[in-house]
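Colleague: Have a look at this one.
The values are calculated or read from the model by the stated rules, or taken from the named source; none is laboratory data. Just so it is clear, the structure is predicted and the values come from calculations on it, not from any experiment. Because the Cβ atoms are built from the backbone with ideal geometry, glycine has one as well, and the counts that use them run over all protein chains shown. Each accessible area value is taken on the protein alone, full model and side chains, heavy atoms only, with ligands, DNA and RNA left out. Shrake-Rupley method; radii C 1.70, N 1.55, O 1.52, S 1.80 Å.
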Amino acid sequence: MALEKEEAKVVIVDNLTKKLKTKSKFYLKDFYAFFPGEKPRAVKNIVNALVKDEVLEYWSSGSTTMIGLKGMGKQANAEGEGEE
Amino acid sequence: MAKHNTPLLDELESGPWPSFVSDIKQEADVRAKNEKGIDFQIPSEACDDLLGLLELSYKDGTTHWKHGGIVGVFGYGGGIIGRYSDKPKEFPAVAAFHTIRVSQPGAKYYTTEFLRQLMDLWQLRGSGLTNMHGSTGDIVLLGTTTPQLEEIFYTLTHDMDQDLGGSGSNLRTPADCIGQSRCEYACYDTQEICYFLTMMYQDELHRPAFPYKFKFKFDGCPNCCVASIARSDLSFIGTWRDQIGIDQAEVAKYIDGTNPANAGAHKGRDWGAFDLDAEVLNLCPTECMKYEDGKLTINDKECTRCMHCINVMPKALKIGKQRGVSLLAGAKAPIVDGAQMGSLIVPFLEIDQTMNKQLADFESEEEWMEYLEEKYAGVVEVIESIWDYWMEEGKNRERLGELMIRQGLQKLLEKIGMEPQAVHVDHPRTNPYIFWKEDEVPGGWDRDINEYRKHHAR
């Protein structure tokens, strides 16, 4: 069954919001667990589409990428980089 | 005059080798004088403060960079690496000092015009400091701020026809040797396949797709000039299936000294007369060569493609005509489980040498890509079956090579549909048990209990 973006969005936002008290960034593999039985590639495509829609955002150390709800966790302005 | 005293860094300039400290000082000086009148878009003192911050790191014995950040360009999940200093007040010009990875041109062929454009852009919108090249091959631009990122990306993609490279849990920028453009040993067109796979997997290159990083590298022959066997999760090494070509007349010219050994690479010193036994035959790792009655012969079945004889006598010995690639998987640097070289998974995948049409032979790039998809269908099949397996089974931050250690090479071979062969065996088995699968046992696990009881009382 194809994964519907809008339905997947609800599941992802719901799951990430529940976990916000403990962490704001997640591995891509954490998202697979929200959709048992779905192919990792299908989940990956949905997650990347939701970043494009500005629901989610990437965090990168350079070697690893993590994903969280947009605006959550430490943002650029908290690092002293504000709007010009 | 320097903004910060840097006695520890100055020590690094005292050795015999060129120092990156001198380079940073030079750029700091260029920015201070600004003879070109550049309207610097990040603080002009960035290089001075970088030196100051680095000096402090040497003094404190610890880094003063924080780990990562939420920075990037719209739609991309790679290519930009957030770097913030934990001493922003003391060194304000490098408080934000993000790294940009730019995809290198195929085989790193540049024009000087491209390099000038790149530096004009980087001196305007960044620190002016580069790392040519990063380990993966990218052009690394060191140090800019978040507001500059989209501007730099726009200029790179629109004015320079150049894209960002890979970072994070993405496919990393594929790297290749110069291949058939200049090298007679190249068994396939490394630049073509590198470009094809880069275009084919744009999504994987620019957005996170995997448990961790994944690297392709393409070596045209077993000389392995880009060291794909040691540095890539999936290594492509050119090879041949038939015989090494031998020109006996040219062999004789090496023996009588007419042809310089190693194409004259070591001619700066007198090494004495060429000695075929000492320099070639006795160095063959499988002892598969002999020279008798003026004739050189090779037992090709035993040849392990070490390339030594071909490198020493390139006019006399040529790579075979039935050419393709060997695929090796799982190479990685240390961190978890230690460093490891790639393990051979596909001994030979033929690449059709008659399929040599170029982009100019097609109406559009799309048509060319379709042609290449057909040409490299076997390669794509192996890549995607490996990725599916790793995406399903790999743990967070687990490289393919670590998964192979955890689950065994046999599991990977199963997933890519490759029958185990003698060449897959690294060493004699250490586990005394043999685990059969149901489909490997006649009749499977089911048995007729009534038939069994006829011969065996309860």
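Colleague: If a residue has to be more than 14 Å from chain A (Cβ to nearest Cβ) and farther than 23 Å from B:Val30 by Cβ to count, how many in the range B:126-158 make the cut? Don't jump to the end; show me each part of the working.
Modeller: Here is the first cut: in the range B:126-158, the ones more than 14 Å from chain A (Cβ to nearest Cβ) are B:126-130, B:132-133, B:137, B:139, B:152-158.
If we keep only those that are farther than 23 Å from B:Val30 by Cβ too, we end up with B:137, B:153-154, B:157-158.
Matching residues across the range B:126-158 total 5.
Colleague: Considering only the range B:294-314, how many residues are closer than 19 Å to B:Lys267 by Cβ and in a loop (DSSP other than H, G, I, E, B)?
Modeller: Matching residues across the range B:294-314 total 2.
Colleague: B:Gln410 versus (1) over 24 Å from B:Met341 (Cβ atoms); (2) open to solvent by 90 Å² or more (accessible area, probe 1.4 Å); (3) not in a loop (DSSP other than H, G, I, E, B): which is the lone unmet condition?
Modeller: Status for B:Gln410: all satisfied but (1).
Colleague: Still on this structure, I have one more. How many residues, within the range A:1-28, are within 12 Å of chain B (Cβ to nearest Cβ) and over 20 Å from B:Gly75 (Cα atoms)? Outline the logic, then answer.
Modeller: Within the range A:1-28, the first condition is being within 12 Å of chain B (Cβ to nearest Cβ), and the residues that meet it are A:24-28.
With over 20 Å from B:Gly75 (Cα atoms) added as a condition, the list becomes A:24.
Count: 1.
Colleague: Just to be sure I understand, how many residues within the range B:77-89 are at the interface with another protein chain (Cβ under 9 Å from one of its Cβ atoms) and under 14 Å from B:Thr173 (Cα atoms)?
Modeller: Going through the range B:77-89 one residue at a time, the tally reaches 3.
Colleague: While we're on this one: Please go through (1) under 30 Å from B:Pro334 (Cα atoms); (2) facing chain B (nearest Cβ under 10 Å); (3) in contact with a helix residue (DSSP H, G or I) (Cβ under 8 Å, 6 or more places away or on another chain) for A:Phe31 and return the number of the only condition it doesn't satisfy.
Modeller: Going through the list (1) under 30 Å from B:Pro334 (Cα atoms); (2) facing chain B (nearest Cβ under 10 Å); (3) in contact with a helix residue (DSSP H, G or I) (Cβ under 8 Å, 6 or more places away or on another chain), A:Phe31 breaks only (2).
Colleague: Looking at the range B:264-314, which of its residues are over 24 Å from B:Ser326 (Cα atoms), open to solvent by less than 20 Å² (accessible area, probe 1.4 Å) and in contact (Cβ under 8 Å) with a residue 40 or more places away in the chain?
Modeller: Hit for the range B:264-314 is B:Leu296, nothing else.
Colleague: Please go through (1) surrounded by 14 or more Cβ atoms within 10 Å (Cβ to Cβ); (2) out of contact with any Phe, Trp or Tyr (no Cβ under 6 Å at 6 or more places or on another chain); (3) not acidic (Asp, Glu) for A:Pro36 and return the number of the only condition it doesn't satisfy.
Modeller: Failing condition for A:Pro36: (1).
Colleague: Being farther than 23 Å from B:Lys395 by Cα and either within 12 Å of chain B (Cβ to nearest Cβ) or touching a Cys at 6+ places or on another chain (Cβ under 6 Å) (or both) is true for just one of A:Gly73, A:Gly68, A:Gly62. Which residue is that?
Modeller: Testing whether each residue is farther than 23 Å from B:Lys395 by Cα and either within 12 Å of chain B (Cβ to nearest Cβ) or touching a Cys at 6+ places or on another chain (Cβ under 6 Å) (or both) leaves just A:Gly73.
Colleague: Suppose we filter the range B:315-333 for residues that are of a type in the set (Gly, Ala, Ser) and either assigned to a helix (DSSP H, G or I) or open to solvent by 10 Å² or more (accessible area, probe 1.4 Å) (or both); how many remain?
Modeller: Applying the first criterion (of a type in the set (Gly, Ala, Ser)) to the range B:315-333 yields B:316, B:320, B:324, B:326, B:329-331, B:333.
With either assigned to a helix (DSSP H, G or I) or open to solvent by 10 Å² or more (accessible area, probe 1.4 Å) (or both) added as a condition, the list becomes B:326, B:333.
Residues flagged as of a type in the set (Gly, Ala, Ser) and either assigned to a helix (DSSP H, G or I) or open to solvent by 10 Å² or more (accessible area, probe 1.4 Å) (or both) within the range B:315-333 amount to 2.
Colleague: Give the residues of the range B:360-398 that are more than 14 Å from chain A (Cβ to nearest Cβ), more than 26 Å from B:Phe348 (Cα to Cα) and assigned to a helix (DSSP H, G or I), sorted by residue number. Walk me through it before giving the result.
Modeller: To start, the set of residues in the range B:360-398 that are more than 14 Å from chain A (Cβ to nearest Cβ) comprises B:360-382.
Within this subset, residues satisfying the condition of being more than 26 Å from B:Phe348 (Cα to Cα) are B:360-367.
The answer is B:Ala360, B:Asp361, B:Glu365, B:Glu366, B:Glu367.
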